[in-house]
2 protein chains.
Amino acid sequence: MSVPTIKFYVREGLLPAGELTSPNQASYGETHVRRLRLIRALLDVGGLSVAAIRGVVVAVDDPEESVHDVLGEATKPLVPRYDREPGDGVEEARKTVAGLIAARGWHADPAGPAAEALAVTLVALADLGHGRFVEVLDTYADAAEKVARADLEYVAQHVAREEFVESAVVGTVLGDAMFSSLRRLAHMDASNQVFGPQEQGGGAE
Amino acid sequence: MSVPTIKFYVREGLLPAGELTSPNQASYGETHVRRLRLIRALLDVGGLSVAAIRGVVVAVDDPEESVHDVLGEATKPLVPRYDREPGDGVEEARKTVAGLIAARGWHADPAGPAAEALAVTLVALADLGHGRFVEVLDTYADAAEKVARADLEYVAQHVAREEFVESAVVGTVLGDAMFSSLRRLAHMDASNQVFGPQEQGGGAE
DNA sequence: GCTATCTGATAGCGCCACTATCTATGATGG
DNA sequence: CCATCATAGATAGTGGCGCTATCAGATAGC
């Protein structure tokens, strides 16, 4: 972690400035190191942009901010743009999403960023000829529910109140990465089972 | 979709050139449109880089290429770098991942990109003071298995052989996006239930 | 004192996903 | 037939992003 990089983060509002002990000497403490680790994790592992991280840390530092709002902040930049002539199927996808939320009794905003991102993804799938992929939506939603419950449980057990907000962001962002990797591993396994062990790698058999 | 952008994709090897009917007239067919949609979906929704997409389409176009290899290609650029003094906990994380793979009997390479990405994520979590998050790994793995099975089933039912490779990529990349959105929705619901309905949004009650 | 090191500020770099401009060629229409 | 206009291809430029290099000014430490 180079000094100029750190100063860059300070400039960008990701990191509070060190306490000046004299005009050319600043001291950085444990909170700074913690914050730096948060930045690196969100940046490298989570793939967030510096701007998104700024939004997150501003919200994290604001004691008035609710978990809900911070997550919204962290999630906003993740909605894809996927340009399309409006109304061409997006509307239908939005309805599908709203229907799913209603069917599951989820207390979630059908117009929020997460719902919108889902709708966009469904449209993209339909465009690619995979409109039927919605048939597995329920399986995905089941899995998502289970994972979300586990997340909440973890937070309830291991996270102190004053760390709720930061932990929620970390869990949301890194949890995605975690699940994504696990899904790939599970895919490998499943495809190895279906297509047979054609000794095409490190066949542990 | 502007013309210069399309030409850019041709130059970058993402899109085959149109068939020249005369030195200044090229004809683009359905395959080009399809490919363009694939590019936009992977780029906008999947968040892949142009370089990664090139790897994917080269592999997709190669009839010798196996699903396995193409997915490897698409997955490789997704492994985070997350610089760290080596051996400082990464090794332990790798062991955790290998143990998980073994415990589940997954036929997956514990040294492949997916396993490595998972290990890196675990290290990042540990760095952030969430080492205990591994306790929910099993829940995540269960969910991932279920989702992966559903994916395979979908492919088996709805995808023709010659589209296996492309569909696998699409499913892997857009499936991540889909699950991610669903998890966020499930989080909203869970947190709304835990923290009580403080009328902080569009309370559909 | 004298050098080495730190600070903050400004400007620049390298990569990436395009985009603008240019020339040559040929389609198009009165 | 000929003026206009669009298109192909090639080259160079743009804007954003995540840093990084350089520079003055100030001070710590010898």
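Scanning the stretch B:8-32 for residues that are more than 7 Å from DNA strand D (Cβ to nearest atom), assigned to a loop (DSSP other than H, G, I, E, B) and either within 25 Å of B:A74 (Cα to Cα) or among the hydroxyl-bearing types (S, T, Y) (or both) yields a total of 6. For first residues located in the stretch B:18-29 and within 15 Å of B:K7 (Cβ to Cβ), partners that are within 7 Å of DNA strand C (Cβ to nearest atom) and part of a loop (DSSP other than H, G, I, E, B) and lie 6+ apart or on another chain with Cβ distances below 6 Å do not occur. Out of all the residues in the stretch A:115-123, is one or more assigned to a helix (DSSP H, G or I), within 8 Å of another protein chain (Cβ to nearest Cβ) and closer than 25 Å to A:I39 by Cα? Within the stretch A:115-123 (the criterion being assigned to a helix (DSSP H, G or I), within 8 Å of another protein chain (Cβ to nearest Cβ) and closer than 25 Å to A:I39 by Cα), the answer is yes, since at least one residue qualifies. Of the residues that make up the stretch A:7-29, is at least one over 28 Å from B:L43 (Cα atoms), within 16 Å of DNA strand C (Cβ to nearest atom) and β-branched (V, I, T)? Yes; the residues of the stretch A:7-29 include at least one that is over 28 Å from B:L43 (Cα atoms), within 16 Å of DNA strand C (Cβ to nearest atom) and β-branched (V, I, T). Checked against the criterion of being facing another protein chain (nearest Cβ under 10 Å), assigned to a helix (DSSP H, G or I), more than 14 Å from DNA strand D (Cβ to nearest atom) and of a type outside the set (G, A, S), the candidates B:R40, B:R94, B:R54, B:R35 yield just one match: B:R40.
Would a scan of the stretch B:180-189 turn up a residue that is surrounded by fewer than 22 Cβ atoms within 10 Å (Cβ to Cβ) and at pLDDT below 95?
yes
Residues that are closer than 27 Å to B:L122 by Cβ, within 11 Å of chain B (Cβ to nearest Cβ), touching a residue at least 24 places away in the same chain (Cβ under 8 Å) and part of a helix (DSSP H, G or I): does the stretch A:59-66 have at least one? No: the stretch A:59-66 contains no residue that is closer than 27 Å to B:L122 by Cβ, within 11 Å of chain B (Cβ to nearest Cβ), touching a residue at least 24 places away in the same chain (Cβ under 8 Å) and part of a helix (DSSP H, G or I).
Being buried (at least 18 other Cβ atoms within 10 Å of the Cβ) and either over 20 Å from the mean Cα position of the chain (by Cα) or farther than 14 Å from B:D189 by Cα (or both) is the filter here; which residues of the stretch A:91-103 pass it? It would help to see each step written out before you state the result.
So in the stretch A:91-103, the residues buried (at least 18 other Cβ atoms within 10 Å of the Cβ) come out as A:93-94, A:97, A:100-101.
Within the stretch A:91-103, A:A93, A:R94, A:V97, A:L100 qualify.
Would you please name the residue that is nearest to the other protein chains (Cβ to nearest Cβ), looking only at residues in the stretch B:67-91 that are in contact (Cβ under 8 Å) with a residue 24 or more places away in the chain and basic (K, R)? Once the filter is applied, the top-ranked residue is B:R84.
Residue-level check: of (1) in contact with a strand residue (DSSP E or B) (Cβ under 8 Å, 6 or more places away or on another chain); (2) under 22 Å from A:V123 (Cβ atoms), B:A26 misses just (2).
Among the conditions (1) within 7 Å of another protein chain (Cβ to nearest Cβ); (2) surrounded by fewer than 22 Cβ atoms within 10 Å (Cβ to Cβ); (3) out of contact with any Lys or Arg (no Cβ under 8 Å at 6 or more places or on another chain), the only one that A:E145 does not satisfy is (3).
If you check A:A41, A:A119, A:A93 for being more than 16 Å from DNA strand C (Cβ to nearest atom), touching a Phe, Trp or Tyr at 6+ places or on another chain (Cβ under 8 Å) and either modelled with pLDDT of 95 or more or not aliphatic (A, V, I, L, M) (or both), only one passes: A:A41.
The values are calculated or read from the model by the stated rules, or taken from the named source; none is laboratory data. Since this is a predicted model, take the numbers as computed values, not measurements. Cβ coordinates were reconstructed from backbone atoms using ideal geometry, including for glycine residues, and neighbour counts include every protein chain displayed.
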